[in-house]
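Everything below concerns the one structure shown next.
The values are calculated or read from the model by the stated rules, or taken from the named source; none is laboratory data. Owing to the predicted nature of the structure, the values given are computational and were not obtained by experimental measurement. Ideal geometry is used to build each Cβ from the backbone, glycine not excepted, and the neighbour counts take in all protein chains shown.
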Amino acid sequence: MLKKFFAVFLVAVLIVTVFTGCGASNEKEQTEEPKEEQEEVKDVATLRWNIGSEPKTIDPQLNSAADGGHVINNTFEGLMREIDGKLIPAMAESYDVSEDGLTYTFHLRDAKWSDGEPVKAQDFEYAWKRALDPNLVPEPAEYAFQLFYIKGAQDAYEGKEKLEDVAISCKDEKTIEVTLNAPTPYFLSLTAFYTYMPVRKDMVEKDPENWARNPEYAVSNGPFVVEDYIMGDRIVFKKNENYWNKDQVKIDKIEGLMIVEESTALTAYEAGELEVDDHIPVQEIPRLTKNDPTFSIWPEVGTYYFIFNVEKPPVNDIKVRRALTLAIDRKAICEKIAKGGELPATGFTPPGLLDAKGEEFQKNAGDYGINPNAANIEEAKKLLAEAGYPEGKGFPEVTVIYNTLERHKAICEAIQEMWKQNLGIEVKLQNQEWAVFQDARHHGNFQIARAGWLGDYADPMTMLDLWLSYSGNNDCQWNNPEYDKLIEDSKLKTGEARFELLYKAQDLMMDTNIVLPIYYYTRPQLVKEYVKNWEKTKMGHWFFGNAEIEQ
């Protein structure tokens with residue numbers, strides 16, 4: 001079934017590799033051949049998909065990146081799953097919600113892990129409390145705050161209460177009950193997100209840091225299971241024969257390749273060595289748009305931006321941050337560098353997320369004085385002078401870090417030149433390998449860093465709770481009690497009252513200029529035409545559990 005999300009998209013691809021046994025020349029010889037040579041080898045449907053950079057982790061509770069999320073979305077399954085743009089029961093066969101909207105009771109279907117053991121309610125309880133464990137090995141979960149909607153969860157994470165006091169309880173092996181702090185209209189969507197996916201305690205404890213990469217321990221409950229993991233090269237998945245919906249899974253094997261260089265990945269795709277790739281060299285987009293029917297541009301709910309470490313000079317000065325923000329030409333970056341239909345970003349929350357009136361949150365929030373079509377050079381110069389750097393004189397050394405990728409390099413170089421021409425300042429650029437870059441950004445070892453955020457569920461909160469002082473993904477090192485209160489209070493409200501607080505929260509973080517928004521994402525991608533029924537969630541995660549090969 002073809003997916004729709006803002007538009008109808010091109011059908012994608014898989015490849016079939018067929019192995020057949022050779023028949024004997026006569027009946028006698030055929031009878032005397034060894035049995036294994038007589039049998040026809042089963043056709044193997046194999047998808048070769050470029051993951052891109054090696055994921056830092058594919059552990060559901062530890063992951064916070066899109067690449068790891070793609071993998072987890074195909075190997076694990078939460079209580080709910082998004083299919084064809086709609087939430088449907090997955091591990092939960094059904095659920096009940098109390099009249100006050102606070103208590104959810106999920107009834108699990110008869111499902112098994114990839115090793116044949118039953119999936120139990122206790123596996124969910126363990127996984128969720130594991131994410132909330134402040135002493136989690138090797139480090140606390142960056143996405144723990146996604147569970148703070150549950151009563152007692154935040155207190156447990158902050159060490160104020162015990163994990164066993166969190167309002168998650170198993171009535172039996174097939175029933176799990178959760179009580180929330182306040183009615184949360186998108187809670188069901190959260191249960192489809194990877195932080196909420198179950199894991200097996202006995203396997204995790206065998207190797208807490210690397211169990212998910214080790215095929216011996218990496219039991220999973222989704223349509224595929226890890227068969228092999230070759231560091232820096234590929235992850236091989238095979239069909240999970242114990243998956244509850246295995247009859248729907250038509251793909252036997254997936255080779256998830258780790259091709260970082262976009263031009264190399266495109267060459268492999270065009271040579272027939274890949275079936276799926278969404279790491280496209282920007283300079284090739286015009287040609288592909290014109291000549292390749294397997295190329296499409298998929299809208300994504302997300303924002304591409306720079307972040308400022310608000311504790312590091314000179315970007316600890318709001319006037320410097322504002323000057324740098326106003327001095328870039330977003331339209332030029334979108335049209336001349338990104339080239340994928342991206343929209344210049346004037347705020348943090350992207351299009352596609354609606355408020356209580358059904359109106360675009362991004363549109364109603366306004367542009368925060370940012371011109372989407374040109375740099376505001378005069379205002380930027382004025383602010384830089386007020387900060388003590390007239391015409392850029394005396395501006396200290398500043399380094400922008402970005403993870404290794406042709407697209408990021410091109411964008412960083414363009415902004416570097418814009419700042420030089422428009423403000424008279426020089427900045428250095430430093431590329432880092434993906435895992436190193438994530439650690440540097442997370443621990444505040446930077447002044448300015450490239451960043452991108454894709455929504456996890458269809459509500460503006462998916463963007464705004466990123467900047468809570470206790471969010472594991474608040475890499476700006478920004479701590480604002482007023483902002484925290486706006487977000488926390490919004491969780492206790494509904495309807496227009498809730499969104500009034502969310503608008504105020506975005507106003508505060510944008511007026512403080514902790515981020516430099518550049519553009520709203522799209523996702524150029526290539527998928528061979530002989531694969532049908534692949535899926536992408538509204539938030540941009542690949543899912544191949546329903547894909548099949550057109551013979």
Which number in (1) assigned to a loop (DSSP other than H, G, I, E, B); (2) at pLDDT below 95 marks the one condition that TYR368 misses? (2)
Which residue out of TYR402, TYR389 is among the hydroxyl-bearing types (Ser, Thr, Tyr), touching a Lys or Arg at 6+ places or on another chain (Cβ under 9 Å) and crowded, with 19+ Cβ neighbours inside 10 Å? TYR402
Tell me whether segment 274-283 contains one or more residues that are in a helix (DSSP H, G or I) and either outside the structural domain of GLU54 (by TED's automatic domain parsing) or among the charged types (D, E, K, R) (or both). yes
Candidate set from segment 388-413 (those that are touching a helix residue (DSSP H, G or I) at 6+ places or on another chain (Cβ under 8 Å) and part of a helix (DSSP H, G or I)); member that is farthest from VAL310 (Cα to Cα): GLU406
Which of (1) closer than 26 Å to THR399 by Cα; (2) β-branched (Val, Ile, Thr); (3) at pLDDT 95 or above is the odd one out, the single condition THR267 does not satisfy? (1)
Qualifying position, being of a type in the set (Asp, Glu), assigned by TED's automatic domain parsing to the domain that holds ASN480 and assigned to a loop (DSSP other than H, G, I, E, B), among GLU311, GLU335: GLU311
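For (1) under 30 Å from TYR243 (Cβ atoms); (2) at pLDDT below 95, each residue gets a yes or a no:
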position: ASP489; (1), (2): no, no
position: LEU502; (1), (2): no, no
position: THR512; (1), (2): no, no
position: GLU529; (1), (2): yes, no
position: TRP534; (1), (2): yes, no
position: LYS538; (1), (2): yes, yes
In the set LYS357, LYS336, LYS382, the lone residue that is surrounded by fewer than 18 Cβ atoms within 10 Å (Cβ to Cβ), within 23 Å of ARG523 (Cβ to Cβ) and not acidic (Asp, Glu) is LYS336
The lone exception for ALA435 - which of (1) closer than 25 Å to GLU82 by Cβ; (2) among the aliphatic types (A, V, I, L, M); (3) part of a helix (DSSP H, G or I) it fails: (1)
Is it the case that PHE237 is under 24 Å from the mean Cα position of the chain (by Cα), closer than 25 Å to GLU342 by Cα and among the aromatic types (Phe, Trp, Tyr)? no
When you look at THR349, is it assigned by TED's automatic domain parsing to the domain that holds PRO517, part of a strand (DSSP E or B) and touching a residue at least 60 places away in the same chain (Cβ under 8 Å), yes or no? no
Got a number for residues in segment 73-93 being within 17 Å of GLN122 (Cα to Cα), part of a strand (DSSP E or B) and not aliphatic (A, V, I, L, M)? 1
With the structure loaded, tell me whether GLU209 is under 23 Å from the mean Cα position of the chain (by Cα), loosely packed, with under 15 Cβ neighbours inside 10 Å, closer than 22 Å to ASP123 by Cβ and assigned by TED's automatic domain parsing to the domain that holds LEU136 or whether it fails that test. yes
Quick one: what pairs do we get from segment 363-378, first residue in contact (Cβ under 8 Å) with a residue 40 or more places away in the chain, second exposed (fewer than 13 other Cβ atoms within 10 Å of the Cβ) and of a type outside the set (Val, Ile, Thr), C-beta under 8 Å, 6+ apart or different chains? TYR368/ASP511
Inter-residue pairs, beta-carbon under 7 Å, first under 22 Å from LYS239 (Cα atoms) and in segment 115-126, second not in a loop (DSSP other than H, G, I, E, B), 6+ apart: PRO118/LYS112; VAL119/LEU108; VAL119/LYS112
From the options HIS107, HIS70, residue that is in contact (Cβ under 8 Å) with a residue 40 or more places away in the chain, part of a strand (DSSP E or B) and over 28 Å from ASP489 (Cα atoms): HIS107
Checked LEU516, LEU502 against criteria (surrounded by 19 or more Cβ atoms within 10 Å (Cβ to Cβ) and in a strand (DSSP E or B)); the one match is LEU516
Scanning segment 460-487 for residues that are of a type outside the set (S, T, N, Q) and surrounded by fewer than 18 Cβ atoms within 10 Å (Cβ to Cβ), which turns out farthest from ILE514 (Cα to Cα)? LYS485
In segment 490-499, anything part of a helix (DSSP H, G or I) and either among the basic types (Lys, Arg) or crowded, with 17+ Cβ neighbours inside 10 Å (or both) is listed as SER490, ARG498, PHE499
Can you name the residue in segment 519-551 that is outside any strand (DSSP E or B) and polar (S, T, N, Q) and, of all such residues, is surrounded by the fewest Cβ atoms within 10 Å (Cβ to Cβ)? GLN551
Being in contact with a Phe, Trp or Tyr (Cβ under 9 Å, 6 or more places away or on another chain), within 28 Å of GLN362 (Cβ to Cβ) and modelled with pLDDT under 95 is the requirement here; does LEU423 meet it? no
Output for segment 255-272, where each listed residue is of a type in the set (Asp, Glu) and either assigned to a strand (DSSP E or B) or buried (at least 19 other Cβ atoms within 10 Å of the Cβ) (or both): GLU255, GLU262
When segment 122-135 is examined, which residues are found to be in a loop (DSSP other than H, G, I, E, B) and surrounded by 17 or more Cβ atoms within 10 Å (Cβ to Cβ)? LEU132
Tell me, yes or no, whether segment 215-234 has at least one residue that is of a type in the set (D, E, K, R), out of contact with any strand residue (DSSP E or B) (no Cβ under 7 Å at 6 or more places or on another chain) and not assigned by TED's automatic domain parsing to the domain that holds TYR143. no
Residue satisfying condition, being within 20 Å of THR46 (Cβ to Cβ), surrounded by 15 or more Cβ atoms within 10 Å (Cβ to Cβ) and not aliphatic (A, V, I, L, M), within set TYR217, TYR229: TYR229
Taking segment 411-425 and keeping only residues that are surrounded by fewer than 22 Cβ atoms within 10 Å (Cβ to Cβ), in contact (Cβ under 8 Å) with a residue 12 or more places away in the chain and closer than 17 Å to GLY394 by Cβ, one is left with GLY424
Can you confirm whether GLY68 is small (Gly, Ala, Ser), assigned by TED's automatic domain parsing to the domain that holds ILE251 and modelled with pLDDT of 95 or more? yes
